[in-house]
1. Looking at (1) crowded, with 23+ Cβ neighbours inside 10 Å; (2) under 22 Å from the mean Cα position of the chain (by Cα); (3) at the interface with chain B (Cβ under 7 Å from one of its Cβ atoms), which one does A:ALA247 not meet, given that it meets all the others?
2. Are any residues in the stretch A:1-47 in contact (Cβ under 8 Å) with a residue 24 or more places away in the chain, basic (Lys, Arg) and assigned to a helix (DSSP H, G or I), and if so, which ones?
3. Count, please, the residues in the stretch A:78-90 that happen to be closer than 15 Å to A:LEU2 by Cα, open to solvent by 10 Å² or more (accessible area, probe 1.4 Å) and not in a helix (DSSP H, G or I).
4. Quick check on B:GLY116: is it buried (at least 17 other Cβ atoms within 10 Å of the Cβ), farther than 26 Å from A:PHE434 by Cα, touching a residue at least 24 places away in the same chain (Cβ under 8 Å) and touching an Asp or Glu at 6+ places or on another chain (Cβ under 8 Å)?
5. Could you grab me the full set of residues in the stretch B:56-72 that are part of a loop (DSSP other than H, G, I, E, B), surrounded by fewer than 17 Cβ atoms within 10 Å (Cβ to Cβ) and in contact (Cβ under 8 Å) with a residue 40 or more places away in the chain?
6. Keeping to the stretch A:308-361, report how many residues are of a type in the set (Phe, Trp, Tyr) and in contact with a Phe, Trp or Tyr (Cβ under 7 Å, 6 or more places away or on another chain).
7. Which of (1) open to solvent by 40 Å² or more (accessible area, probe 1.4 Å); (2) more than 25 Å from A:PHE267 (Cβ to Cβ); (3) more than 13 Å from chain A (Cβ to nearest Cβ) is the odd one out, the single condition B:VAL97 does not satisfy?
8. Of a type outside the set (Phe, Trp, Tyr), more than 9 Å from chain B (Cβ to nearest Cβ) and open to solvent by 30 Å² or more (accessible area, probe 1.4 Å): does that describe A:ILE521?
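The values are calculated or read from the model by the stated rules, or taken from the named source; none is laboratory data. Source: prediction; values computed, not measured. Methodologically, a virtual Cβ is constructed for each residue, glycine included, from the backbone with ideal geometry; neighbour enumeration extends over all protein chains shown. Accessible surface areas use protein heavy atoms only, side chains included; no ligands, DNA or RNA. Shrake-Rupley method; radii C 1.70, N 1.55, O 1.52, S 1.80 Å.
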Amino acid sequence: MLANRKLILAHFWFAFALFGVALTLGAWQMFIRSPIGTWLSNPELYYRSLTAHGTVMGYVFPTLVAMGFGYAISESALEQRLVGVRWAWTGFWLIVVGSVMAVIPIALGRASVLYTFYPPLIGNVFYYLGVVLVVVGSWIWVALMSINLRVWRRAHPGAPVPLAMFANVAGSYLWAWTAVGAALELLLQIIPVAAGLKNTIDAGLARIFFSWTLHAIVYFWLMPTYIAYYTIVPRAIGGRVYSDTMARISFILFLVVAMPIGMHHTFADPQVGAGFKFIHSAFTALVALPTLLTVFTICASVEIAARLRGGRGLFGWIRALPWDNPMMLALAFSFVMLGFGGAGGLINMSYQLDASIHNTQWITGHFHLIFGGAIVIIYFAIAYDLWPHLTGRELIDMRLIRTQLWLWFIGMIVTTFPWHWVGILGMPRRMAYFDFGDPAIAPQALSVILSVIGGFILLTSGILFLVILARGMRAPQADAGAYRFALAVHQPTIVPVALNTHALWVALMIVLTITNYGYPILNLATSAGTSVPAVYVGAQ
Amino acid sequence: MSAQETHAGSAEVAARVERRWATIAVIIIAGMALLAAFAGIHQATMPQPRVETTDPSRIHLSGEFVESNLGSVLEPNGNVTVRAIGQQYSFTPACIVVPVDTPITLRATSADVVHGILIQGTNVNTMLVPGYISEQLMRFTKTGDYLMPCQEFCSFGHEGMWGKVKVIDRTDFATRAKAGGRLSCVGQ
C-alpha cells in the first residue's frame, strides 16, 4: 500500500466527484439545446452550466489527477518517503477552497464568462480569485515534485532517474510555465478590472496571454496519460518498454515544443500578424513528433507483451494480447481516439484549413475526443490500477470495469463524430439554442440528436466509474504489494546528463516562449488606444 | 556468442528501427510545414496578415465604421467592400448583400465584446475583437442566402446572434449600386 494513500485518495475523490458533476452538466447542455430538448426559456442558465463544466474539466479535474498521480509516482518510483506532506495537503486545500470560491459566483450567474474568460466580458472577482487559488495550489505540487527529485538525486548521485519520475517532473515544469500566461492575464488585466480598479482592458492582448496557457495546458492534461502509456501499460499487460531513451526524448520534446505554439488558437484573430501565426503553426506541427514517437514505442512495447504470450505472425500477435485486461482495453481505445483526434488536430493547426472549422462544433468534437476520450480514459485506467494500492482492497468487478471502458469509448465516438460533421457544415460553438426549424439548420438536427445519445452513454459510463471506485472502498481486503512501474527491455544503467535532468530543456522552453511570444506581447502591450471598456456580466 | 552479446545486438537493432521511424516522422512534419508555407506564399492563402486598430467607443461617431458607411459598396475597380460591425447581439447590417463571382473585401470590427463572423458553407471565418479591425477576402461562386452566425461567445444572447449574407446576380448588384450609398438587404 502507498504510504500517502489518504493524500492521494483525497485528490482523486475530489477530482472524480467534481468530474461527475461537470459530466452531468455537460449531458444536460447537449440535451437542452438539441431538437429533443425544449427551448430553455433562460439561456443564461446554459452559460452558467457551460462555465462550470469548462472550469471543472479544464482546471480542477485534470490538475488534481496529475497531482495525486504525481505523489504516487514520487513515492513509489523513487522508493523514498514523500518530502513535504504537509505542504501537499496545503496545496490540496487551496484547490478545494479555490474551486468552491469559483463555483459560487458561477452558480449565482455572476461569472458566466466561460473558462476561457473572454474579456472585455468581466465576471465577479471571486471567480477569478478562485481559479488563481487552484493554480497556486498546483504550483505547490510542482515545487514538491522538484524537491523530492532533488532529495533522491542527492542520495543517488549519477543514477538514472526512474522514467516515471523523470516524466512526472517534466509535466510539472510544463504546467508551472504554461500557467504563467493565464496568470498574467488574470493578475495584470482581468482582476484589476473585476475588482473595480480599472474599467478598460486590452482584449487582444488578453487573448494572446490566454493562448500561452491554452495550448500547453492540453499537454499538461496529457502527461499522466503518456506516463501511463510508458510506465504502467507494459507492466500491466506483461511486456517491457521498448526504449527508455526514446521515452525520455518524447517527454523532453513535449516540455520544449508544447509551449511556443499557442497562437494557432488565434489564426482568425485580427491582433497578430501573419508571420507569428506561421511560426506557431510550424511549431505546432513539431509537437506531433513526440506523439508519433510514442505511438511507435508503445505499439512495439505491446508487441513484446504479445510475443511473450506466444503471439506470432506479422499481425497475428494482436490476438495474443490480454484483451480482458482493463489496461489493454483502455490503451487500445485511447490510441484509436488519439488517432482520430490527432488527425483532426493537424487540420486545426493548419495555417490554411483552420478557417473552415474555426470556432465550429468541429473544435468541440476535437478536444472532447482528445481530452475527454484519449486522455481521460487512461485517467480511469490509472485509477483502477492504483485503487488496490490506495485502499488495500481488491477491485473485483472486472466485467463492470470493461463495460465502463467500452461505454466511454462508444459514447465518445457517438458524441464527437457527429460534432465534427456539423462543424464542417458550419454549426457554431457555445450556443444555448439552435432554431432547427430554419431550413438551413434543419439538416443538422439528426447529427445533433446522435451526439446527445452519445452524451448520455458517457454519463452512464461516468456514473459506473464512480460506482466501481466506491465499491472498491468496501471490497474484501487484499495486499496488492508495492506499486511498480514497467521495466525497459534494456534498462538504463547510465543515462546522458541531458536525458537525466531538466534544466537545459526548461531553459529552452523559456527561451522559445520568449522568442515566439515576446515580440507580439510587447507590441500589443505598448500600442496605444487598444484598451476597450469592460462589459460586466450580470450587470445589465 | 554469449548472452551479453546477443543483448547488445538486439539493442542495436532496436536503435536502428527507432531511428528509421524518427526520420520518417520528421519528414512527415517537415513536409506539412513546407506545404503550408508553399500554399501561403504561392497561393496567398493565409490568415489575416496585417494588424489595424480602432477605438470601439468612438466607432459610431467618426471614421470607417459610422452607421452611414456600413454595408456593401462597389469600388471603381469593380471589387466590392463590405463594412460591418458586431455588437451584443446582432450584426449591422444584419443582412449583407453582395454580388456573385466578385472579389469582396470584408472589413469588420466589434463595438463591445469579442464576436466572430462565420459564413456557413464557406471558409469565411474571422474573429471580431474590440479595438482591432478584421479583414477577410472572399468570393462567392453561387447566388443564394447564407447564414452568418456569431461564432464566439459574447454573453447571454450569443445564441440569438445570427446574420445573413445574400449573394445576388452581378448585374442586379450593379443596378442597385448606381443609386450610390451603402447597400444591404434592406429594400430588396
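1. It fails just one condition, (3).
2. A:ARG5
3. 4
4. Working: buried (at least 17 other Cβ atoms within 10 Å of the Cβ): yes; farther than 26 Å from A:PHE434 by Cα: no; touching a residue at least 24 places away in the same chain (Cβ under 8 Å): yes; touching an Asp or Glu at 6+ places or on another chain (Cβ under 8 Å): yes.
Considered against the rule, which asks whether it is buried (at least 17 other Cβ atoms within 10 Å of the Cβ), farther than 26 Å from A:PHE434 by Cα, touching a residue at least 24 places away in the same chain (Cβ under 8 Å) and touching an Asp or Glu at 6+ places or on another chain (Cβ under 8 Å), B:GLY116 comes out as no.
5. Filtering the stretch B:56-72 for residues part of a loop (DSSP other than H, G, I, E, B) gives B:56-66, B:70.
Okay, now just the ones that are also surrounded by fewer than 17 Cβ atoms within 10 Å (Cβ to Cβ), so B:57-58, B:60-64, B:66.
Scanning the stretch B:56-72 gives B:HIS60, B:GLU64.
6. At the first step, the residues of the stretch A:308-361 found to be of a type in the set (Phe, Trp, Tyr) are A:315, A:317, A:323, A:333, A:335, A:340, A:351.
Then drop every residue that is not in contact with a Phe, Trp or Tyr (Cβ under 7 Å, 6 or more places away or on another chain), which leaves A:333, A:351.
So the count comes out to 2.
7. Here B:VAL97 meets the rest and fails (1).
8. On the way: of a type outside the set (Phe, Trp, Tyr): yes; more than 9 Å from chain B (Cβ to nearest Cβ): yes; open to solvent by 30 Å² or more (accessible area, probe 1.4 Å): no.
For A:ILE521, the condition - of a type outside the set (Phe, Trp, Tyr), more than 9 Å from chain B (Cβ to nearest Cβ) and open to solvent by 30 Å² or more (accessible area, probe 1.4 Å) - is not met.
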